[in-house]
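Taking it in order: structure first as structure tokens, then the write-up.
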Amino acid sequence: MLAGRKILLAIGGGIAAFKCLDLIRRLREQGAEVTPVLTRSAEEFVTPLSVSALSAQKVYRDLFNLNDEHEMGHIELSRAADLVVVAPATADLMAKMAGGHANDLVSTLLMATDKKVLIAPSMNVRMWEHAATQRNLKTLQDDGIVVVGPNEGDMACGEYGPGRMAEVPEIIDAISATLSDGPLKGHHALVTSGPTHEPIDPVRYIANRSSGGQGTAIADALIAKGAQVTFITGPASAERPKGCQIIEVTTAAEMLAATKAALPADVAIFAAAVADWHIKGDKSSKIKKTKGKTGPDLEFEENPDILKTVASMRNGRPSLVVGFAAETDNVISNGKAKRDRKGCDWIVINDVSPETGIMGGSENDVTLISDDDTEDWPRMSKRAVGERLAARIAEELNSKI
Ligand code: C5P
């Protein structure tokens, strides 16, 4: 799949650098040629010798090395590849990239390249969540840099949360998608998926039965067509898509904030089953049973409508906004009314009456409503719905060019 593709791999100084040794092997197994460049601090985690042995290439380390400069200048090095991959992309490397620094070989190559750049961030969870890193991330995404991961999980520093570098197969999927000549190459797609959880108190929450299966299938299909995907998911049971940026959220308010931060996008697909309400007030103490009362007095407040907010944006509205409608009665007419109410371009209606087994199941039965058309698709797997929808999206976006 990657036969003959040239990858310049910039290895940053983080504990996840060890995964790059496997990344090099797997890329070479697929036929790619990997030219490694190490930052000074990367050498604290992996040795130039092992990187060179695995890549069967010279390892570039120094901006001011006369021999290297004679063989291949740093400008040439930055342009000889089909793709530049930065893994692990540390907080410091991301900051340098966002600020346009060029004070060592890696940062200079990144400034000088005319090729697409893909980064796999990896850092402590607090560093990832720090306002500066999130600001830099946004800048890099706006600059067209493709981001894969980070994932959520246990970290080498003993903490838990987002910050783990994406796994090698995920990075390879993202590299393949970025290099692919699929019909969605060059397009940024945003997908919301899964349920949201709205806290009642520190231990209880309101949720729904969405598994996130349809959203994942759509994201996978878009990635396979070459799109750069940002996947914003609530606490869903479905596996996460591979080869894209994943943003984990809990509540509708967090999903809206993540969605706004991920824009601009060419297409936005709102497959999440967002809770309609959240509970008002302070939720810091556990609610106790009270004698003589049947239950607590909960005051509800409406959640922001993410789809409607994005569909009605004056500036920066994606050129295609797709909503979902899970209906149990008068499925088509309710779906059409929802499309008008939300202001989206297309609406994918699914009948979630309990007897259909669709909510949480592996199949879907959908009708796609666009401006002038009602397409009734036969019942098929959620994977197949994802592929068909991705194909329709590719047709639509390419017809607008
Ligand atoms: O209003 P309803 O929940 O039926 O609308 C479903 C569509 O709207 C889905 O595309 C869903 O992702 C989106 N939605 C949203 N924010 C909400 C509620 C729904 O984005 N608060």
Identify the single condition in (1) within 13 Å of the ligand (Cβ to nearest atom); (2) under 29 Å from Val85 (Cβ atoms) that Arg240 does not satisfy, given that it satisfies every other one. (1)
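Which is of a type outside the set (Lys, Arg) and either touching a residue at least 12 places away in the same chain (Cβ under 8 Å) or near the ligand (Cβ under 9 Å from one of its atoms) (or both), of Asn350, Asn315? Give the steps one after another, and end with the answer.
Working: Asn315 fails: either touching a residue at least 12 places away in the same chain (Cβ under 8 Å) or near the ligand (Cβ under 9 Å from one of its atoms) (or both).
Going through Asn350, Asn315 in turn, the sole match is Asn350.
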Identify the single condition in (1) open to solvent by less than 60 Å² (accessible area, probe 1.4 Å); (2) over 13 Å from Ala268 (Cβ atoms); (3) within 14 Å of the ligand (Cβ to nearest atom); (4) not polar (S, T, N, Q) that Val310 does not satisfy, given that it satisfies every other one. (2)
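Working only within the range 147-167, note down all residues that are touching a residue at least 12 places away in the same chain (Cβ under 8 Å) and of a type in the set (D, E, K, R).
To start, the set of residues in the range 147-167 that are touching a residue at least 12 places away in the same chain (Cβ under 8 Å) comprises 147-152, 155-157, 159-167.
Of everything in the range 147-167, those that are touching a residue at least 12 places away in the same chain (Cβ under 8 Å) and of a type in the set (D, E, K, R) turn out to be Glu152, Glu159, Arg164, Glu167.
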Okay, helices (runs of 4 or more DSSP H) sitting entirely in the range 111-181 with 3 or more residues that are within 16 Å of the chain's Cα centre (by Cα) and not charged (D, E, K, R), I get 131-142, 168-179
Could you please tell me which pairs satisfy a Cβ distance under 7 Å, a separation of 6+ or placement on different chains, a first residue in the range 375-386 that is under 15 Å from Ala219 (Cβ atoms), and a second residue that is of a type in the set (A, V, I, L, M) and in a helix (DSSP H, G or I)? Lys382/Ala217; Arg383/Ala217; Val385/Ala217; Gly386/Ala217; Gly386/Ile218; Gly386/Ala221
Given the condition open to solvent by 50 Å² or more (accessible area, probe 1.4 Å), within 12 Å of the ligand (Cβ to nearest atom) and in a loop (DSSP other than H, G, I, E, B), answer yes or no: does some residue in the range 271-278 qualify? yes
Does the range 37-46 include one or more residues that are part of a strand (DSSP E or B) and at pLDDT 95 or above? yes
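Being assigned by TED's automatic domain parsing to the domain that holds Glu363, away from the ligand (no atom under 16 Å from the Cβ), open to solvent by 60 Å² or more (accessible area, probe 1.4 Å) and of a type outside the set (Ser, Thr, Tyr) is the requirement here; does Glu299 meet it? Reasoning before the result, please.
Working: assigned by TED's automatic domain parsing to the domain that holds Glu363: yes; away from the ligand (no atom under 16 Å from the Cβ): yes; open to solvent by 60 Å² or more (accessible area, probe 1.4 Å): yes; of a type outside the set (Ser, Thr, Tyr): yes.
Answer is yes for this residue.
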List pairs: first in the range 297-311 and in a loop (DSSP other than H, G, I, E, B), second near the ligand (Cβ under 9 Å from one of its atoms) and open to solvent by less than 60 Å² (accessible area, probe 1.4 Å), Cβ under 7 Å, 6+ apart or cross-chain? Asn303/Ala252; Asn303/Val274; Asn303/Ala275; Pro304/Ala252; Pro304/Leu256
Odd one out for Gly292 among (1) more than 29 Å from the chain's Cα centre (by Cα); (2) at negative phi; (3) more than 14 Å from the ligand (Cβ to nearest atom): (2)
Determine whether Lys138 is closer than 19 Å to Lys260 by Cβ and surrounded by fewer than 21 Cβ atoms within 10 Å (Cβ to Cβ). yes
Exactly one of (1) under 16 Å from Val147 (Cα atoms); (2) among the aliphatic types (A, V, I, L, M); (3) at pLDDT 95 or above is unmet by Val274. Its number? (1)
From the list Val51, Val84, pick out the single residue that is in contact (Cβ under 8 Å) with a residue 12 or more places away in the chain and not in a helix (DSSP H, G or I). Val84
Condition met for Gly153 (in contact with a Pro (Cβ under 6 Å, 6 or more places away or on another chain), farther than 14 Å from Lys96 by Cα and open to solvent by less than 30 Å² (accessible area, probe 1.4 Å)): no
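Here is a yes/no grid of residues against (1) on the phi > 0 side of the Ramachandran plot; (2) touching a Gly at 6+ places or on another chain (Cβ under 8 Å); (3) open to solvent by less than 80 Å² (accessible area, probe 1.4 Å):
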| site | (1), (2), (3) |
| --- | --- |
| Gly13 | no, no, yes |
| Asp22 | no, no, yes |
| Arg25 | no, no, no |
| Val34 | no, no, yes |
| Val51 | no, no, yes |
| Ala56 | yes, no, yes |
| Leu63 | no, no, yes |
| Ser78 | no, no, yes |
When the residues of the range 238-257 are filtered to those that are without any contact (Cβ under 8 Å) to a residue 60 or more places away in the chain and surrounded by 23 or more Cβ atoms within 10 Å (Cβ to Cβ), which remaining residue is farthest from the chain's Cα centre (by Cα)? Ala252
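Somewhere in the range 84-103, is a residue touching a Cys at 6+ places or on another chain (Cβ under 7 Å), at pLDDT 95 or above and closer than 22 Å to Cys244 by Cβ?
Yes: one or more hits.
Residues that are among the aromatic types (Phe, Trp, Tyr), open to solvent by less than 20 Å² (accessible area, probe 1.4 Å) and without any contact (Cβ under 8 Å) to a residue 60 or more places away in the chain: does the range 229-237 have at least one?
Initial filter on the range 229-237 (among the aromatic types (Phe, Trp, Tyr)): 231.
Now narrow it down to the ones that are open to solvent by less than 20 Å² (accessible area, probe 1.4 Å): 231.
Filter again for without any contact (Cβ under 8 Å) to a residue 60 or more places away in the chain, leaving 231.
Checking the range 229-237: at least one residue is among the aromatic types (Phe, Trp, Tyr), open to solvent by less than 20 Å² (accessible area, probe 1.4 Å) and without any contact (Cβ under 8 Å) to a residue 60 or more places away in the chain.
The values are calculated or read from the model by the stated rules, or taken from the named source; none is laboratory data. Since the model is a prediction, treat every value here as computed from it, not as a measurement. Positions of Cβ are generated from backbone atoms using ideal geometry, with glycine treated the same way; all protein chains shown enter the neighbour counts. All accessible areas refer to the heavy atoms of the entire protein, side chains included, with ligands and DNA or RNA removed. Shrake-Rupley method; radii C 1.70, N 1.55, O 1.52, S 1.80 Å.
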